[in-house]
Amino acid sequence: MRAPLTTRRATPPRAHARAVAAEEEEGEERGARHRVVAMIDAAKEGASAFVAANFAGPPPRGLPPLPPIAKLSPRVIRVLGQNPSAFTLQGTNTYLVGTGKTRWLIDTGEGKRAYAPLLRRAMKAHGVEGLEGVLLTHWHGDHVGGLASVRAMFPDVAVVAHKRVRRDKGEKALGEGGNEDPRAARTYADVADGAVFRATGATIRAMHTPGHSEDHVVFVLEEEGAMFAGDCVLNGNTATFECLTEYSASLERMERELRAAVDEGNGNDGDDGGDGKAGDGDDGGEITPTDGNNASVVPRGRLYPSHGEVIRDGVKKLAEYRKHRSWRENIFMDELRDGWRRDPRSGGMTAAELCDVVYSRQVSWLVLKTACAHITSQHLAKMTEEGRVVREEGRALWGWVLSSPRYRPAASEMGENAGRARADPLSAR
Ligand SMILES: [Zn+2]
């Protein structure tokens, strides 16, 4: 049997000091509440520290190198943001979309000096003279950081940046007609769910997919039955999220939409969007065979992620993400059931205890551990919304317990150890 665990083991010193101070000031009971709040703060700090520590690091080993410019299909050219790191993998992917002389640009990298000249080179090589505009998946710096340099490339053209505006953060939308000074930073034409953007050879539909960030949108490329997935799915790592409940719902919607796009294409081969404009191959024989595909034949169902190589079977990858999350959730539920077995009367665990037993086997580094605390608290919030667990106030420290007998172990299971040797569905990446 495991020794009883305490919150303090998983609480970083700064937050812990704050919690202790609160406790001395306001008495044991209120102090306990403050400790919970401090732990949630610590989890957030940990997540940011995790990001800070890792942005400086090199990309994970074993990732395939990506060419700086690659034609991935007759409609999609990828230009790398020139910002490789542990978190951005080979760097942020930006995509030129369409087949004509003006195309859409999805995302702008993080503002590295080498990016704008590379974009110019990619455009020149493929006969692209201008941009229809810029589409941005979400507010993170490695996606919007290059916007100023992209606008500077087109001083005579009003390059309008479309992005879902975060109203809670006071971001401004462009005025009527989108004619506000295009050089003003952080000023976007708001993107509504379902908004459609067209260029020759491309119909791009926006889908609001909050969770990784509140403003996140993915873009469906109708002609290919493909999806620009932003940071919802990465090829080479699992994605981070601000809100797991929203993120899960968004991934499920993406899976449904992509499956529908694939099915639609299978029943309706050769439909080129009905726009009667330039079709496949108008760019001549410059298609770069990447991903082991001849890009002139584009199978439907692709994900074009913001980080990493093209994902050929997007529906399969999204299903793997879904299974990975329920695998993780089952582990939390199993631990709570174990707690119940040990002591059916108080049978709950704190978030910190759960985090310790679920992750301490895997990680010891404090920064990483506090990032794990963030994930744990997100899972608990989601499981609470689903009614599977409840937060119980009666204990010395607030803890989570299984909400109803239907989640608790049966009498016949008491004292047994639940088999937990299931494999992570994503571990074979
Ligand atoms: Zn992001």
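So the values come out like this:
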{"read-out": "Charge sum, other residues only, whose C-beta stays under 12 Å from V134's C-beta, Lys/Arg counted +1 and Asp/Glu -1", "value": "+1"}
{"read-out": "Rough spin-label spacing in nm, given labels placed 7 Å along Cα→Cβ, for R259 and E242", "value": "2.8"}
{"read-out": "Potential lengthening between A319 and F154 on full extension [0.36 nm per residue; Cα-Cα distance subtracted]", "value": "55.3 nm"}
{"read-out": "Sorted peptide list for 149-158, 242-251, 326-335, criterion being average Cβ within 10 angstrom, highest first", "value": "242-251, 326-335, 149-158"}
{"read-out": "Under 5 Å, built H, 5+ apart or other chain: amide partners of R164", "value": "V191"}
{"read-out": "Per-residue Cβ neighbour rank within 10 angstrom, fewest leading, T137, T102, T376", "value": "T102, T376, T137"}
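None of the figures in this text is laboratory data; all of them are computed from the coordinates on show. Because the structure is a prediction, the values reported are computed rather than measured. Ideal geometry is used to build each Cβ from the backbone, glycine not excepted, and the neighbour counts take in all protein chains shown.
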